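Asks: What follows is a structure written as structure tokens; I'll ask about it next.
The values are calculated or read from the model by the stated rules, or taken from the named source; none is laboratory data. Note that the structure is a prediction, hence the values are computed from the model and not measured. Every residue, glycine as well, gets a Cβ built from its backbone with ideal geometry; the counts of neighbours run over all protein chains shown. Only protein heavy atoms, including side chains, enter the accessible area calculation; ligands, DNA and RNA are left aside. Shrake-Rupley method; radii C 1.70, N 1.55, O 1.52, S 1.80 Å.
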Amino acid sequence: MVLLSRHGVRSPTKGLAELRRLSDQDWPAWPVDRGILTPHGADAIRQLGLYLGAQYRQRGLLGPDRCPAGDQIFVWGDSGDQRTRASAQALAEGLAPGCGLKAQGLAPDSPDVLFDAASGGACPMDAAEATKAVIAANGGDIATVPANIAPSLAALVQVVAPKACAPTAAPGACFATGPAKVVDKGGEVKVDGPLARGAMLAESIFLEYVQGMPADQVGWGRAGTPQALAAILPVHDYQADLTRRTPYIASHNGALLARQIVAGVTGGTATAPLAPVPAGAKLVSILGHDTNLSNVAGLLGLDWTLPGQPDKTAPDTTLAFEVSRDTVTGQRYVHVVLYYQTLDDLRQAAALTPAHPAGKVELPLPACGGDRCTVEDFATLVRKAVPASCWR
């Protein structure tokens, strides 16, 4: 079993002053500094860990004892951010409650190239090729707002900046107008412009809701319902898909994580820069970012929608690569599923039980032709998707 998870609920990565420049009103204060896992976020991802740990004990992956013997569970978090380190530890506490299981990682605040293969130098992209790929994915013009996303951007305008974006407002005051361009930021390709700003703003409002802020504070009371959030989140999801799931970008940024997953499902040796998984590990949990989920999804040709959750890579969302064995033939198969919490389960940090389970979406592998893929075929399709120069 290999799990790849996004960290838990955090505060916005942009400061309140920067957010204010793009909106009509001051934003609510958070209990933590920007980009930090909140106590509520830690509680919510711990609940997911409790649920998954119980599931995998019941299904026979782990022994029946709550505390696993030896190195059966291995948790590795991105060392570069507090939110990933703290989320990894909270998830570990849920997977094996009361057992003292410690999440592993590099030294705090040091870069871990596993989660950033392109800009980290392990699988560098050609900036021109990446730019071309992103522009093509957006229909040939990076400044175009796709017709199916325009209503969501318009809804976001009415939440964030109805005055600044009014027809009578000063030129340049509205976040949803202005030029757009692709920029290379140290090996990482980003898009600057209305959609990028909108994606950040929509996610910041979404985070207010799942943090549990009062509804009259979420988007100044204009986005405090699931329906209002569902109307604005497509801006964020589209921008994320454009810059993370586009195949050229995904195959480079996700190269090391893909290799880590293959090592986990085949039982192969994982050497640096991969995480040092012990030989006896049965459940390997890798804790990173929404970017990492999108990269691996793009590399494997996976996509999904989540009933009850408008953010496709919401906090705690977990891709699971489950290996099972046919007891008749002995053949081993990889089955991909996605576990997540609904909007309100995240907001409440709700307990997940057999009677109130986590959300689960089955993800057939297109390149394998079905919902089950032999371990050997899975390893082959991943190797084909990763640039040859990045598989070493």
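Asks: Which cross-chain or sequence-distant (5 or more) residues have an amide H under 5 Å from the amide H of Q309, H modelled 1.01 Å from N in plane?
Replies: Amide H neighbours of Q309, under 5 Å, 5+ apart: L343.
Asks: Which entries in the list K14/K190; K132/K190; K132/K185; K181/K384; K14/K185 go over 20 Å, if you measure between the two C-alpha atoms of each?
Replies: Details: K14/K190 16 Å; K132/K190 12 Å; K132/K185 16 Å; K181/K384 31 Å; K14/K185 17 Å.
Violating the 20 Å Cα-Cα cut-off are K181/K384.
Asks: Using Cβ-Cβ distances only, list the Cys residues of the chain with no partner cysteine under 4.7 Å, sorted by number.
Replies: Among the cysteines of the chain, none has its Cβ 4.7 Å or more from every other.
Asks: Please list 46-55, 219-228, 2-11, 168-177 highest first by mean number of surrounding beta-carbon atoms within 10 Å per residue. Kindly include the intermediate steps, with their values, before the conclusion.
Replies: Working: 46-55: 22.7, 219-228: 18.1, 2-11: 26.5, 168-177: 13.9.
Per-residue Cβ counts within 10 Å, averaged per peptide and sorted highest first, yield 2-11, 46-55, 219-228, 168-177.
Asks: Calculate the dipole size of segment 109-184 relative to its Cα centre from +1 charges on Lys and Arg beta carbons and -1 charges on Asp and Glu beta carbons; express the result in debye to the nearest 20. Intermediate results must be reported in sequence, preceding the final value.
Replies: On the way: 3 positive and 7 negative charges, 109 e Å.
That gives segment 109-184 a dipole magnitude of about 520 debye.
Asks: A further question on this structure: Leaving out ligands and nucleic acids, and using a 1.4 Å probe, what accessible area per residue does segment 100-152 come to in Å²? It would help to have the intermediate numbers written out before the result.
Replies: Numbers: 2670 Å² over 53 residues.
Spelled out: the 1.4 Å probe surface of segment 100-152, per residue, equals 50 Å².
Asks: What's the center-to-center distance, using Cα atoms, between segment 248-277 and segment 225-240 in Å?
Replies: Cα centroid of segment 248-277 versus Cα centroid of segment 225-240: 31 Å apart.
Asks: With an 8 Å Cα cut-off and a minimum separation of 6 or more residues, compute the relative contact order for segment 123-265 in percent.
Replies: Numbers: 157 pairs, mean separation 40.9, N = 143.
Dividing the mean separation by the residue count of segment 123-265 yields 29 percent.
Asks: Okay, next question. Measure out, as a whole number of angstrom, how far apart the alpha-carbon centroids of segment 366-392 and segment 117-164 sit.
Replies: 28
Asks: Where only protein heavy atoms count, and the probe is 1.4 Å, what is the accessible area per residue for segment 1-82 in Å²? Intermediate values should be presented prior to the final figure.
Replies: On the way: 3430 Å² over 82 residues.
Spelled out: the 1.4 Å probe surface of segment 1-82, per residue, equals 42 Å².
Asks: A367 to S110: extension gain in nm, 0.36 nm per residue of separation minus the Cα-Cα distance?
Replies: 89.0 nm
Asks: Of Q211, A169, S119, which is farthest on the positive side of the dipole of the chain, counting Cα position, with +1 on Lys and Arg Cβ, -1 on Asp and Glu Cβ, and the Cα centre as origin?
Replies: Farthest towards the positive end: S119.
Asks: Which whole-number percentage describes the relative contact order of segment 167-219, with Cα contacts under 8 Å and a sequence gap of 6 or more? Mind showing how you got there, number by number?
Replies: Numbers: 39 pairs, mean separation 12.7, N = 53.
The value is 24 percent.
Asks: Further question: Which lysines have a Cα lying under 24 Å from the Cα of K102, excluding residues fewer than 8 positions away in the same chain?
Replies: Here the lysines satisfying the reach criterion relative to K102 are K282.
Asks: Would you tally the net charge around G94, using a Cβ to Cβ cut-off of less than 11 Å, leaving G94 out, and scoring K and R as +1, D and E as -1? Don't skip to the answer; put the middle values down first.
Replies: Working: positive: R46; negative: D43, E93, D316.
In short, -2.
Asks: Mind checking the dipole of segment 16-79: about its Cα centre, +1 per Lys or Arg Cβ, -1 per Asp or Glu Cβ, Debye to the nearest 20? List each step's numbers first, then the result.
Replies: Details: 7 positive and 8 negative charges, 53 e Å.
It comes to approximately 260 debye.
Asks: Excluding same-chain residues fewer than 8 positions from K312, which aspartates and glutamates have a Cα within less than 16 Å of its Cα?
Replies: E203, D237, D241, D290, D303, D344, D345, E362
Asks: What area, in nm² and to one decimal, does the C-alpha convex hull of segment 301-378 cast on average over all directions?
Replies: Its Cα hull, projected and averaged over all orientations, spans 6.2 nm².
Asks: Return a whole-number percent for the relative contact order of the chain, with Cα pairs under 8 Å and 6 or more residues apart as the contact set.
Replies: Working: 766 pairs, mean separation 89.1, N = 392.
Value for the chain: 23 percent.
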